[in-house]
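Inspection log for the structure reproduced underneath, given as structure tokens.
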Amino acid sequence: MMRNPKFQFVVGLAISAFFLYLTLRPVNFNDLWGALKTFEWLWSVPFLVLTFLSMWLRAVRWHYLMRPLGQFSSRRLFSPMMAGFALNSIYPGRVGEFARAYVLAAREKLPFTSVFATIVLERIFDSITLLLLLVWTFANLQLNPSDQVAYGKFVVTGQMLQDYAARFATMCAILLVVAVSFLFNKVREVFCAVVLRVPFLPKAWRERLAQMVHTFAGGFSSLLDVKAIIWTLLLSIGVWVLVGASMSVLAYGFPGMKMTLMQGIAVTVITCVAILIPAAPGYWGLMEVGIIFGMFTLKIDTVYSRALAYAFVCHALQIFPIIGVGLACLWTERVSLSEIRERSVTK
């Protein structure tokens, strides 16, 4: 039963529902409902347009990272990418990243590890971009370590954000060093030699792991293309500027609330740091407290119920349309959840 994909799908939804319940528990529903009723839903249209534009830019960026493996249009890459984002929002453990790589690899007859490496590389570029924006945000915010926002069982402080930002920077540096080092044949040969000498693994497994090292490194080959690196960095900046713009636009839906583009980017960066804290699929609870912390710190809105209403609307408009589109894309790819589950385990 535990290996049944439908059962796992239901479990994933149940986990998300449970954390949504925890998110709603500390809410004064009268105040929240009062704030939600003031929202002008017409503003959700430009928000969604900007959100999906940022997703399209992600597909364009992936096109450049995939070029060493073949010429794939952004349109072709959009479908598996959206399927991955949808499953990340439903399942724990970042299953969507494996799903995204598997869908494209299976349909285009590509090595899974090479495709997965391009996704790792994409995350590295995301990390670099966010890190740069993070430095700018913290430099301009003059964040106080004692600042604190509590939301039910979730608490975010200025010190926590600074600590996680430091870990984020360290992780980013390590990933970048690993990615670059894998481009050198000598490094790969040393790594493979170590793998082939692991005593407790069967010979077939060791040989397979050594082969995977080479195919995984193939996914990093775009780092040798200066043009691809420049475009990837520019598109990464574009992605996060569009996300910040969507946050800014949505604020206009609440009467009296204003958020500039730079404030929208700052709230986005703070929220991204907040959701680094381990949580549920879809980041329910942590995304809300991250948004509220950013809004309070930037003095965008100091009315808790309205800031919370904004956070809920923002989160819902981001996650549910992406789940819907992503699952539709998964269906068009003719890939079953059982395939993804089995391959994510074996890979």
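All of the numbers you see were taken from the coordinates with simple rules; none came from a lab. If you're wondering where the values come from, they're calculated on a predicted model, not measured in any experiment. Glycine also receives a Cβ, built like all others from the backbone with ideal geometry; neighbour counts cover every protein chain displayed.
Here are some notes:
- Gained length - Lys109 relative to Leu201, 0.36 nm times residue gap less alpha-carbon distance: 30.3 nm
- A simple spin-label model places the labels of Leu183 and Trp136 2.5 nm from each other, with each point 7 Å out along Cα-to-Cβ.
- Reach of Lys109 by Cα under 16 Å, taken over aspartates and glutamates that are not fewer than 8 positions away in the same chain: Glu333, Glu339
- Residue order, fewest to most surrounding Cβ atoms within 10 angstrom, among Val289, Val267, Val27: Val27, Val289, Val267
- Residues Val195, Val249, Val226 in ascending order of nearby Cβ atoms (within 10 Å, fewest first): Val226, Val195, Val249.
- Fewest-first ranking of Ser305, Ser79, Ser73, using other Cβ atoms within 10 Å as the exposure measure: Ser73, Ser305, Ser79
- Using a simple spin-label model with pseudo-atoms 7 Å out from Cα toward Cβ, Arg94 and Lys227 lie 3.1 nm apart.
- By average C-beta atoms within 10 angstrom, highest first, the peptides 177-185, 306-314: 306-314, 177-185
- Packing order of peptides 62-72, 227-237, 38-48, highest average first: 62-72, 227-237, 38-48 (average count of other Cβ atoms within 10 Å over each peptide's residues).
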